[in-house]
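Here's the structure we're looking at; comments come further down.
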Amino acid sequence: MRWLIYGVSFFLVLASVVAGGVVFLLYSYGKGLPEYGQLAHYKPPVVTRVHGGDGRLLTEYARERRVFVPVEAIPKLIIKAFLSSEDKNFYSHKGIDFKSLFSAAIDNLLNFNSNKRPRGASTITQQVAKNFLLTNEVSIERKIKEAILAFRIEKALSKNRILELYLNEIYLGFGSYGVAAAALNYFDKSLNELSVAEAAYLAALPKGPSNYHPVRNRNAAISRRNWVINQMHKNGFISDNIMRIEQSISLGIKPRSATEFVNAPYFSEEIRRQLMARYGADRVYGGGLSVRTSIDPNFQLIAEKALQHGLMKYDKRHGWRGAIKSISLGSGWDKELRSLGHIKGALKSWRLAVVLKVTKTEAKIGFENGEIGSIKRQDLLWAREWRPKQRIGKKITSVLQVLSEGDVVFTETLDEEMNTHKLQQIPDVNGAAIALDPHTGRVLAMVGGWSYAKSEFNRATQAFRQPGSAFKPFVYIAALENGFNPATRILDAPFVIDQGPGIGKWKPANYTKKFYGPSAMRIGIEKSRNLMTVRLARTIGMDKVSDYARKFGISSKMPDQLSMSLGAGETNLIKLTSAYAMLVNGGKKITPTFIDKIQDRNGRTIFRQDIRPCLECRSVDQSLTKVPVIPDYREQIADRASAYQMVRMLEGVVKRGTGRRIASLNKPLAGKTGTTNKNFDTWFIGFSPDLAFGVYVGFDNPKTLGRRDTGSNVAAPIFKRFMKIALKGMPEVPFRAPPGILHVRINTETGSLARPGDKNIITEVFKPGSVPTGASRIVDGGYAAGWMSRKQGKLWKPSLDIKGIKGIY
């Protein structure tokens, strides 16, 4: 009896020590564990998607490609497969499955000397604890912490919430985080489209996606999948017949279908920049935002093609700069050509080729796949030698002038049957184009350069350049707002200002180096007369011009210097295009915008660009209501009549002036060219009644575009090409005149009402009460430069040439 008491006492003491040790371990390892309560509100990182105005996908931002699916929406088949594979007693244990743990321990002891992989017994709850709160460190300490956290998680969260976290967080290979992403990446299917075999394969992956790779470890992958199918049968989830059928199916992998993206990298980067500034990196790359942008994919494609065409056309006018490189024509020329890879800046339709043989009439070329083609002499006549200052060499009479054996060049297919190609080169010049809705400021298209891959610098928003004559409309509208009208005559004559001691005299001149005498204000803008513009700016005051530059968003702090009236200040394309848009919309203030609406991961709208209320829009029966009236919050920065007068003057630029090459479109279009000193930068900014479009072309490292290259023949053709395609099929809407505007026939020479027998008659637009009753006064800007009026008995002699004076056109 005494030994029994001793024995019982010993075991009680031992049990107490063990219990105390367990309590001590729980206390020691339980201290400082991560806060598991956060899992109740945990939201896994999901992809932010950016869509175009038509709903098409523009881009995605994510660190982990995850598609979050609530547990209620996950098919039962998926859940059954993962429970069979990972934790069949999930809904009955309290975080640790002691039965499975004991069974695994026995199996591992029995298989100690075999080559079999040790069997684990971690529950789904333990895996959630490890994946969310702990590291992947392999140690007893981590397993103890994992067990403690599993118990705590089970008390804090429901089983379905734990399962939801697990199935959306687990990494399953192929860049797949969560089961929904894995279904797409492995089988190109949604979860509810998966078969038993496919669901079983996904459930086989948590033990190590690389161990069961469908290609590299195909046999192991099939074996593991079939084991999961067998477990599903054992657990009563599928029948014996289905088990045999599904196990016999081959493991077929179908890569995810390529997602169709709108190609607009410069636009997408601007969206990313704005989102980062507004929400920060974590929310942008993991917040699951849904962003609706203003881009019109159709306009975007047209703008991109128009700019590329214009840059290539200019580039080819200025000659051939030589081959990309030269390679040896030994037996391995095709391999050497392949080693060059993709060269940034090349268009998709271009192919790299090496010149194999050259004669006077053609060049034989080889491609990386061994294919042989040819370039005929007539297909490289443009490739005259490039020379400094954008000059070119002799005309091409022989292919030998252009190409040599071993030259690596870009080509584009002309005739597939004849296997003939034309020579191409990446333009040295660059540019940008942007399209706006003039009534809202929504950016419909933006191309920031020839190639985003070659240069991420956005010339539409980041390149500040002198606008040249493209700024002139804002001098003229300042005058229209201060008592002048389109028929006001302005003296076109020499103008000289002494700029101060040691600085010298400023002598602006017209592009033609000629003087034309008193001319209507309209002529000054149509023909881009510098001397008229300077005199007008001096008359109204540069302070007023600077104020309108600020109002229209061109420059916030323009110096009150007379040279600024000719576009000597710097601005960028998006600012200048939006300023022109404010002319055609009736003088209303707009701001260029890229984002229409943002929704969070739950579909709640957290940002809306247009905040105007529309109570009538909520009417249940739209047929019983009138067209909703939405308030207009836009600031009126210029009188509607003044803006309309300016629009009609700019329409004259297209019909008769420096933009007349656009007139052949026979559409209601208006705009203005711009070219800076020495032809460094060229512009054309213009609009239809409902679409504004701006073009800039110039070198990134400023230099002349060429002696005869101006906004008229470099930028304007790009505008024309865009508008021709963009407006095709659209109803023609005339420029909208405000109430009260008067259309009167006048004599452009005198600025007075037209009389029978007068020549040079035009229908001009006037504000009420401003119709001329006689010859208009002549604005000389306080500087007549020896000009004498008819009353003085002398007439102005136009077209007087001057030499050596530089001007802005």
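The values are calculated or read from the model by the stated rules, or taken from the named source; none is laboratory data. Quick caveat, the model's predicted, so the values are computed rather than measured. Neighbour counts are summed over all protein chains in view; Cβ atoms, including those assigned to glycine, are modelled from backbone coordinates with ideal geometry. The protein model used for the area step is the full one, side chains on, heavy atoms only, and it has no ligands, DNA or RNA in it. Shrake-Rupley method; radii C 1.70, N 1.55, O 1.52, S 1.80 Å.
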Would you kindly find the accessible area of D560, with a 1.4 Å probe and non-protein molecules such as ligands, DNA and RNA excluded, rounding to the nearest 10 Å²?
100 Å²
Placing +1 on each Lys and Arg Cβ and -1 on each Asp and Glu Cβ in region 147-233, then taking the dipole about the Cα centre, the residue among P209, V179, A150 whose Cα reaches farthest towards the positive end is A150
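From largest accessible area down, sort W386, W683; use a 1.4 Å probe on the protein chains.
Values: W386 85, W683 0 Å².
Largest accessible area first, the residues go W386, W683.
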Dividing the mean separation of Cα pairs under 8 Å (6+ apart) by the residue count of region 413-535 yields a relative contact order in percent of 17 percent
Taking the alpha-carbon centre of each part, the distance from region 50-97 to region 633-683 in Å is 56 Å
Mind listing the long-range amide H neighbours of F699? Cut-off is under 5 Å, sequence gap 5 or more, other chains count too, H placed in the peptide plane at 1.01 Å from N.
N430
Can you give me the C-alpha center-to-center distance between region 236-273 and region 277-299, rounded to a whole angstrom?
24 Å
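Set the bar at 32 Å for Cα to Cα. Now go through K313/K551; K454/K588; K43/K80; K357/K395; K422/K672 and name every pair that lies beyond it.
On the way: K313/K551 36 Å; K454/K588 38 Å; K43/K80 24 Å; K357/K395 21 Å; K422/K672 35 Å.
In this structure, K313/K551; K454/K588; K422/K672 exceed 32 Å between Cα atoms.
Tell me the GluC sites (Glu not before Pro) within region 610-703 that lie in a loop according to DSSP and have at most 13 other beta-carbon atoms within 10 Å.
Numbers: sites: E616, E635, E651; in loops: E635.
Of the GluC sites (Glu not before Pro), the ones in loops of region 610-703 whose Cβ has at most 13 other Cβ atoms within 10 Å are E635.
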For V733 and Q599, calculate 0.36 nm times their separation in residues minus their Cα-Cα distance, and state this gained length in nm to one decimal.
44.7 nm
So, with +1 on the Cβ of K and R and -1 on the Cβ of D and E, and no other charges, what is the size of the charge dipole of the chain about its Cα centre, to the nearest 20 debye?
2280 debye
Ordered by residue, what ³J(HN,Hα) values in Hz, to whole numbers, does region 488-494 give under the Karplus form 6.51 cos²θ - 1.76 cosθ + 1.60, where θ = phi - 60° and Gly and Pro are x?
4, 8, 10, 6, 9, 8, x
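Apply 1/(1 + (r/R0)^6) to the Cβ-Cβ distance of D547 and Y91, taking R0 = 51 Å, and write down the FRET efficiency to the nearest 0.05. Don't skip to the end; give the middle numbers.
Numbers: r = 74 Å, r/R0 = 1.45.
Step by step, r from the Cβ atoms, then E = 0.10.
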Carbon/sulfur accessible area of the chain, % of total, 1.4 Å probe, equals 53 percent
Note the listed values [x] -0.45, -1.00, -1.21; [y] -0.48, -1.10, -1.33; [z] -0.58, -0.98, -1.17, then indicate which one is log10 I(q)/I(0) by the Debye sum over Cα atoms at q = 0.05, 0.09, 0.11 Å⁻¹ calculated from this particular structure.
[x]
Each residue of region 725-739 in turn: what ³J(HN,Hα) in whole Hz from Karplus with 6.51, -1.76, 1.60 and θ = phi - 60°, glycine and Pro shown as x?
7, 5, 8, 4, x, 8, x, 7, 10, x, 4, 7, 8, x, x
What are the aspartates and glutamates whose alpha-carbon lies under 15 Å from the alpha-carbon of K145, with same-chain residues fewer than 8 places away excluded?
E35, E137, E154
Dipole of the chain [Lys/Arg +1, Asp/Glu -1 at C-beta], most positive-end residue of I434, P756, S469:
P756
Rounded to 0.05, the calculated FRET efficiency for the beta carbons of K254 and C614 at R₀ = 30 Å is 0.05
Pairing the Cα long axis of helix 640-656 with the longest principal axis of the chain, what angle in degrees results, from 0 to 90 and rounded to the nearest 10?
80 degrees
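How big is the charge dipole of region 308-387 about its Cα centre, in debye rounded to the nearest 20, if each Lys and Arg gets +1 on its Cβ and each Asp and Glu gets -1 on its Cβ?
Roughly 340 debye, rounded to the nearest 20.
Looking at region 303-391, which GluC sites (Glu not before Pro) are DSSP coil and have at most 14 other C-beta atoms within 10 Å of their C-beta?
The qualifying sites are E371.
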Using the alpha-carbon centroid of each, what span in Å lies between region 706-773 and region 521-535?
14 Å
Which of the trypsin sites (Lys or Arg not before Pro) found in region 496-566 are in a DSSP loop and have at most 15 neighbouring Cβ atoms, other than their own, within 10 Å?
K513, K557
Once every DSSP H run of n ≥ 4 in the chain is given -39500 (n - 2.57) and the sum is divided by its residues, what mean residue ellipticity at 222 nm do you get, rounded to the nearest 500 deg cm²/dmol?
-10000 deg cm²/dmol
Tell me, what is the per residue accessible area of the chain in Å², probe radius 1.4 Å?
49 Å²
For region 228-343, whose charge dipole is built from +1 on Lys and Arg Cβ atoms and -1 on Asp and Glu Cβ atoms, the candidate among S257, A323, L337 with its Cα farthest towards the positive end is A323
With an 8 Å cut-off on Cα pairs and a minimum separation of 6 or more residues, tell me the relative contact order of region 569-650 in percent.
36 percent
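Could you give the size of the charge dipole of region 159-299 about its Cα centre, using +1 on the Cβ of each K and R and -1 on the Cβ of each D and E, expressed in debye and rounded to the nearest 20? Can you show the working numbers first?
Details: 17 positive and 12 negative charges, 89 e Å.
Using Cβ point charges on Lys, Arg, Asp and Glu, region 159-299 gives about 420 debye.
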Relative contact order, percent, region 495-598 [alpha-carbon distance under 8 Å, six or more residues apart]:
16 percent
Virtual spin-label span in nm between K389 and A220, 7 Å along Cα→Cβ:
7.1 nm
